[in-house]
Amino acid sequence: MEDILASIKKVIAEEKDLRAAPAPERVEEDSLPEDVDGDDVLELDEPLAPPIDLGPPLVDEQAAGRSRQRLEELQTVAATAPPPPAGPNPLEEIIRGMLRPMLKQWLDEHLPQMVDEHVKREISRITGRPL
């Protein structure tokens with residue numbers, strides 16, 4: 001549970017960092033060594049592709065703040081919750097054993113198609129062209 005909360009916080013922080021990142025500074029040709037021609041040097045801070053317009057934020061700052069607050073509350077409660085019983089629940093183990101092969105079969109049949117559809121949709125959204 002804590003891993004999921006940390007992952008959600010990380011995604012929100014990364015999006016916020018992407019939007020707040022300043023444009024990279026360019027190095028002036030005057031600052032290059034004498035024996036180097038400015039046209040022959042690929043600057044490492046120059047982007048290879050034009051910057052991507054991310055559009056408006058997916059989540060309003062207030063909504064993200066409220067969500068972050070609620071997730072922190074959940075994390076606090078989860079950290080103070082008593083540990084689960086020492087021994088495994090036999091009924092739970094039986095059910096897991098029965099469901100695992102069915103879940104594996106379903107994932108083997110459907111997961112590649114689901115991933116393919118989501119990747120195509122995301123590529124179409126990013127490039128603006130249907131695939």
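The values are calculated or read from the model by the stated rules, or taken from the named source; none is laboratory data. Keep in mind that what you see is a predicted model, and the values were worked out from it rather than measured. Here the Cβ positions follow ideal geometry from the backbone for every residue, glycine too, while neighbour counts run over all protein chains shown. Note: accessible area is taken over every heavy atom of the protein model, side chains too, but ligands, DNA and RNA are not part of it. Shrake-Rupley method; radii C 1.70, N 1.55, O 1.52, S 1.80 Å.
A few remarks follow.
- In summary, E25 fulfils each of the numbered conditions (1) open to solvent by less than 90 Å² (accessible area, probe 1.4 Å); (2) out of contact with any Gly (no Cβ under 8 Å at 6 or more places or on another chain); (3) modelled with pLDDT under 70 with the single exception of condition (1).
- Single residue of P83, P57 found to be loosely packed, with under 10 Cβ neighbours inside 10 Å and out of contact with any strand residue (DSSP E or B) (no Cβ under 9 Å at 6 or more places or on another chain): P83
- For L74, the stated conditions hold: it is open to solvent by less than 100 Å² (accessible area, probe 1.4 Å), touching a Leu at 6+ places or on another chain (Cβ under 8 Å) and at pLDDT 90 or above.
- Hits in segment 55-70 (condition: within 11 Å of K16 (Cα to Cα) and within 16 Å of the chain's Cα centre (by Cα)): P57, L58, V59, A64
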